[in-house]
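All remarks here apply to the structure that follows.
Read-outs: derived from the displayed coordinates by stated rules, not from any lab. All figures in this text were calculated on a predicted structure; none of them were measured in a lab. Cβ atoms come from the backbone with ideal geometry, glycine included; neighbour counts cover every protein chain shown.
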Amino acid sequence: MPSSQAPSIAGNALDPTAVRPPLDDAEIVRVEPGELRAKLTALRAEGCSMLLDIGGVDYLEREPRFDVVYHLLALPLKAASVAEIGRPRRVRVLVGVPGKDATLTSVVDLWPSANWAEREIYDLFGIVFSGHPNLKRIQLPDDWEGHPLRKDYPLRGPAREATPRPPFALKSNVPAGTPPSGKVAAALQRQIARARGQEKDGGAA
Amino acid sequence: MSTGTEAPSATPAPLSAEVVARSGNTMIVSMGPQHPSTHGVLQVVIEVSGEIIERAEMEIGYLHTGIEKSAENLFWTQAQTVVERMDYLSPLGNALCYVLGAEKLLGITERIPERAQAIRVLFAELTRIASHCVWLGTGGIDLGAISTFFYAFDIREDILDLQEVAGGARMHPNYFRIGGLNGDLPAGFLAKLDALIAKFPQRMRELRALLQNNPILRDRMIGVGVVSAEDAVRWNVTGPSLRASGIAYDVRRAFPYSGYEKYEFNVATRTEGDAYARFLVRLEEMDEAMRIIAQVRKELERPGPVLIDDPKLVAPPKETIALSMEALIHHFKIVSEGIRVPPGDVYQAIESPRGELGYYLVSNGDNRPWRVRTRPPSLYNLQALELIASGSLIADLVVMIGSLDPVFGEVDR
């Protein structure tokens, strides 16, 4: 169920990335999921040595539903001065990923830094990166249900209340005797009651 | 003890925090997330053979608060308050990056008054010093140098005072606005700033005297956690940690923003790539930041507006709303509905104290951002710990974490 807060983009631009000329220093490339690896390999060979970031965007009503955005930067692989670096080339590679069976190829073997970035997108968007060596949740607990950065993840309201809670958040999973509801709390209560009783006695005497 | 001959298998099975098991000569130990030297809530699961770390795997996410999701559900103007909470040691750095990105989407970058830009640079550099002070103080404590902490926090305290005077709060002043600043510098600010500028060189001399040639500190840091230039680039390390490996990439120089091209400063660089090099780079950066502050200070003599004059984007001053109907309406609209940002996407980067901080902002034309993706420098710098930790001593792990200077508000968001 769509979150009550998420404004619909139907009627607005379905793809905000395509409606305006580029606003920043990056070259923008849009590729199909099948071409992604070949394109990134080529860019890496051209000198885009650093994979700055991988981000995800959920456009919900658009097809393909998701965009995964690769930010590349061309830095030398050896010591270099400010003048030698100058204004390095920036490239932004956007790839559309369908909402059904959202899968992309992992690039961890090209850039080790992609490891956590891909895990985070898997965790928060539910996009699977095939070939990733250790694809598991990174920010959320392993038993979390759903992918919170999807626009249809219920944020609050009845849909949120109906969403199953993770086991650690359930009261029934708290072992008996755990403060403050268990024996310790009861013992404290007795102690407090005793102290108050003595105080009253002392005051009367 | 490991003989170092057995090569690790190509794809090691993931370590599990729950399993604390002996297998052969190695033992799996969990360090953190409550360990005081992990600078927050980092859990490092290490496989050790004796004192040598064979493999380290990090567990993050203990501080995940869904800031990116929260930002999508707030107005453009409100989201700035939550992004400030990511890197809580340089809140105004985050605010600056977000605000610059939103201004690019609005197409008002050229219209930001010069005085506002100068004051933004002033606070960006002040928070850089304050953030490095925390790194220096806590990093010193990791190595047993307790007194450094008090010297460093003395400087930081002065800077937090300045933030409080200007923005009203010590930690999260929320002083920047899309379109300029919340208000001009109040009376008495410049006198406080002058006092800090005057006292700073002496304080830095003391810090250097305490630490730089301290034999214990040198022994613990030199040759520890070496990152080569190539590894730094492939592992996406930025900021002081990248510059300590010899690559002088600084966003302030490569892609200047907010008028940085006007100021003279050196990009501190070393080539050793070890923890001591990162330490020296950060110390020099503090001096260079103060150099920029002194240049900005001269500019602040000239008065001028600090907010663009556009009632559709910035709320009119409070004094005018009792006198003018239009001002009242504009104020009401901006407070109750926020501002509408034209559709588009933009990537904005700044040089935060930890490296390249980037925001990938997507707008669909509404009054709420469609997506606020952060490129947190700490996340990627910290990831490189996996690379440098294997083969080192357990005691050195503490030094390495400190030298990468992660902030967990930003790693986990």
Report, by chain and number, residues whose modeled amide H sits under 5 Å from the one on A:V97, excluding near sequence neighbours (fewer than 5 apart, same chain).
A:R65, A:F66, A:D67, A:V68
Where Cα atoms sit under 29 Å apart: lysine pairs in chain B separated by 8 or more or lying on different chains
16
Show the residues, 5+ positions off or on another chain, whose built amide H is closer than 5 Å to the amide H of A:F129.
A:L104
Just want to confirm a number: the relative contact order over chain B, from Cα pairs under 8 angstrom separated by 6+ residues, in percent.
24 percent
Show which aspartates and glutamates lie in cross-link reach of A:K136 when reach means a straight Cα distance below 12 angstrom and same-chain residues fewer than eight apart are skipped.
A:E118, A:E120, A:D123, B:E59
The stretch B:307-335 residues near the modelled B:F189 label - backbone nitrogen below 16 Å, point 7 Å along Cα→Cβ:
B:307-308
Unit charges on C-beta of K, R, D, E only; dipole of the protein assembly as shown, Debye
960 debye
Suppose every Lys and Arg Cβ carries +1 and every Asp and Glu Cβ carries -1, with no other charges. What dipole size does the stretch B:284-362 come out with about its Cα centre, to the nearest 20 debye?
360 debye
Rg over Rh of chain B, using C-alpha atoms and the Kirkwood radius, what does it come to?
1.01
Any chance you could list P(r) for the stretch B:293-396, counting all Cα-Cα pairs in 5 angstrom bins from zero, rounded to whole %?
2, 9, 10, 10, 12, 13, 14, 11, 5, 4, 4, 3, 1, 1, 0
The ³J(HN,Hα) series, computed from each phi in the stretch A:73-90 with the Karplus coefficients 6.51, -1.76 and 1.60 at θ = phi - 60°, rounded to the nearest Hz and given as x for glycine or proline, is 9, 9, 10, x, 8, 9, 3, 8, 8, 4, 5, 5, 7, x, 10, x, 6, 10
Pair B:E272, B:E337: separation of 7 Å Cα→Cβ label points (nm)
6.0 nm
Selection from B:A389, B:L300, B:P256, by position along the positive dipole direction of chain B (Cβ)
B:L300
Helix-derived mean residue ellipticity, 222 nm - over chain B, DSSP H n ≥ 4, -39500 (n - 2.57), to 500:
-14500 deg cm²/dmol
If I model a spin label as a point 7 Å beyond the Cα along the Cα-Cβ vector, how far apart are those points for B:E319 and A:R196 in nm?
5.6 nm
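Tally the DSSP beta bridges in the protein assembly as shown and give the antiparallel ones as a percent, rounded to 5. Spell out each step's value before the answer.
Values: 48 of 58 bridges.
For the protein assembly as shown, the DSSP antiparallel bridge percentage is about 85.
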In Å, what Rg and Dmax follow from the Cα atoms of the stretch A:16-172?
18.1, 63
Whole-Å semi-axes of the protein assembly as shown's equivalent ellipsoid, largest first, each the root of 5 times a Cα gyration tensor eigenvalue?
36, 32, 32
State, to one decimal in nm, how far the label point of B:E261 lies from the label point of B:Q202, with both points 7 Å from Cα in the Cβ direction.
4.0 nm
Working from the pairwise distances between different alpha carbons, so that the mean of 1/r is found and then inverted, what is the stretch B:84-194's Kirkwood radius in Å?
14.8 Å
Amide H of B:G66: which non-local residues (sequence gap of 5 or more, or other chain) have their own amide H closer than 5 Å, using H built in the peptide plane?
none
